[in-house]
Structure formats: C-alpha cells, structure tokens
1. Treating only the Cβ of Lys, Arg, Asp and Glu as charged (+1, +1, -1, -1), what charge dipole size does the protein assembly as shown show about its Cα centre? Round to the nearest 20 debye.
2. Provide the three semi-axes, in whole Å and in decreasing order, of the ellipsoid equivalent to the protein assembly as shown as defined by the square roots of 5 times the Cα gyration tensor eigenvalues.
3. Where does each of A:Val7, B:Val59 land when they are ordered by accessible area, with a 1.4 Å probe and the largest first?
4. Using the scaling law 2.2 N^0.38 Å as the reference, what is the normalised Cα Rg of the stretch B:17-59?
5. In deg cm²/dmol and to the nearest 500, what is the mean residue ellipticity at 222 nm of chain A if only DSSP H runs of at least 4 residues count, each as -39500 (n - 2.57), divided by the residue total?
6. Give the span of the stretch A:2-116's Cα atoms along each principal axis, as three whole-Å numbers ordered largest to smallest.
7. What's the local net charge at A:Gly89, with K and R +1, D and E -1, over the other residues with C-beta under 13 Å away?
8. In Å², nearest 100, what accessible area do chains B and A bury in total when the solvent probe is 1.4 Å?
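The values are calculated or read from the model by the stated rules, or taken from the named source; none is laboratory data. It should be emphasised that the depicted structure is a prediction, and the values quoted were computed from it without experimental measurement. Every residue, glycine among them, receives a Cβ derived from its backbone with ideal geometry; neighbour counts consider all protein chains shown. Accessible surface is based on the protein model in full, side chains and every heavy atom, while ligands, DNA and RNA are left aside. Shrake-Rupley method; radii C 1.70, N 1.55, O 1.52, S 1.80 Å.
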Amino acid sequence: MGITIYVLTFALLLIGIYAVVAKKNVVKIIVGVLVIDYAVNLFLVLVGYRTGGGAPILAEGQPVTEFARTAVDPLPQAMVLTSIVIGLGITALMVAMAIRLWENYRTFDMNEIRRLRG
Amino acid sequence: MGIELLVVALLVFMLIAALVAVETSDLLSAVISIGAAGFALSAIDLLVGAPDLAITQLVFEVIALVLLLCVVLTRRDTSVTQPRDALRTGVALLACGVVLVIVFFAVGGTDGRGALPPFGDPVLNHGPGAVVSPGVSAEYLARGARETGAANAVMAVLLDYRAYDTLGEATIIFVSILGAYAILRRVGRRAAARKEEAAP
C-alpha cells in the first residue's frame, strides 16, 4: 500500500512535467507548474508520516516522551510550509507575465508569441 | 490501514483532476480542475497529521484560483486545441512508464528494501545506534517544547530553530510580489508626461 502511494505521487509529478514540456498554452504551463508543486510537497509530507501518528502538536498534559514516540515528523512539514508560500509568490509572478503576454500579443499560444517577435 | 486507503483514493482523485486540467480544451475548466486537485491535497495533509499544512494549502488554493480566474475569465483564447499526434503521445506514455518503474524499485520494489524508508516508518522511528540515524527531527520532538516553549513542533522549527530560513522565505515573497507589480504596472506618470511634451 505504501509503494502505491509513492508511485501515485510520482505519477502526479509526471503529469505536471508533461504539461510544462508538451503544452503550448501559457495557462496550461502555469497549471503544470502548480501540479509539480503539489506533487513534490505531498511527497515530502508523506516521507515524514508515521503509521498511526498524530499531528506534531503537544496536547495539554501529554508526557513529552509519549509525544516524541507518536507524533509525525515536524521537519518536512516546516519546510513544505515554506515551500507552499513560495509557490504562491511564483504563481503570482507567472500570472502577471501571462497577463502581460496577452496584452502584447492577444493570444496565449507559445507558437504565435514566438512568431510575432519578428 | 484505513488512512492509507483514504490517501490512495484522494491521490487517484488528484490524478484525475490534474489530467483533466492538463488535457481539457477549455481554460476555465482547467483552472477549476486544478483547484479541485489542490483541495484534495489539503484533505490529504489533514489525514497524514499536518493540520498547519492543510490550512496553508487551503489559503494558497483560494488565492491561486482567484489569480488564475482573473487570467482566463475575460480572455477568450480560441487557439487552445492542438492536433493529436499518436507518436508524441506514445513517446510521452513510454517515458512516464519507464520513470514509474524506476520509482517502483527505488521506493521498495518487490523485496521491500529500497532507498527510501517504507511508508509509515520514517527515519525518526529508528532509535540511537540504528543503521539509519534518526536525524534531527527526533531531537526537535523531544526537546522542542522545553527549549522553545511552543506546543506546536512545526512552528517551533519554523520560527525558532530555522528562523533564518523563514526570513529568506519572506524575502522571496517580497521580491516576487514586487516583480509581479513591476510587470503589471502601467507606464509611469513621468514617462507619459514626457511623451505628451514630445508630441503636443
């Protein structure tokens, strides 16, 4: 079951890479980058999962030794939290570029945009 | 076992949503499908014990959806469809298959001994003296509450142990928003005035 989860996550990554490499539409490429973002974040979180583990938040009155034995790994979660927020910044930048491209060329098609450069 | 089944179901949903988003010819449908995939990811985060991530992913999803809708709603692009090419599809599928087989053997394969620890058994589980070191996470869990006073170990890592990483992240956000603003802004007032002077 665990192997299935990992393989499915990588399949998601491949869909994103396929969209970025093969699609000609700017919006489709942005969507592909988002899919890659999801897949990598999800993979890192899954690597830190512990069977039956709870969130790494210390409950009131819970002994610390028991907490350290049952909670899932907090380190990948902290890094992925950073990564999600950076993903938002990247998305905003890509959307801004797409809007500019539309204003200059009136199309999202990469072939047209290349041809019009002259 | 129940959680793993749920995660697999949600992952299959994400795969379908991502495929629809990539292959549909309507850009509005693509954007909405990618939103569905993101909300499923948020649900997976909640299942595997990452409530902070689930909340952040939800916020990310809503903002990304609004931004992408801003792009597609008012701009009707009719050149989305591209002709089907059997050779190209075949090569793409073959490459994906090869990569997936490599991943299958890398994460455990047939004998369960891969480069990665098996799912549900992170390096954190191995005690001191094991072949694989338990890493720094075990220390964070055991000492985080005492050293930082934070009940939430993720926030203890993010805002205390690795605060400089978070500072760098804030810098990246600032620069990217600045970049988006620089790309989107209209021509400055001074330049427009100069143009008017030149051609009265």
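1. On the way: 24 positive and 24 negative charges, 313 e Å.
The dipole of the protein assembly as shown has a size of about 1500 debye.
2. Numbers: eigenvalues 323, 143, 45 Å².
Values for the protein assembly as shown, descending: 40, 27, 15 Å.
3. On the way: A:Val7 30, B:Val59 80 Å².
Descending order: B:Val59, A:Val7.
4. Here the Cα radius of gyration is 1.30 times the empirical estimate.
5. Details: 5 runs with 89 residues, N = 118.
Rounded to the nearest 500, it is -25500 deg cm²/dmol.
6. So the three principal-axis extents are 66, 29, 13 Å.
7. Values: positive: none; negative: A:Asp37, B:Glu169.
My count for the surroundings of A:Gly89 gives -2.
8. Values: alone 15710 and 8660 Å², together 16570 Å².
Adding both sides of the contact gives about 7800 Å².
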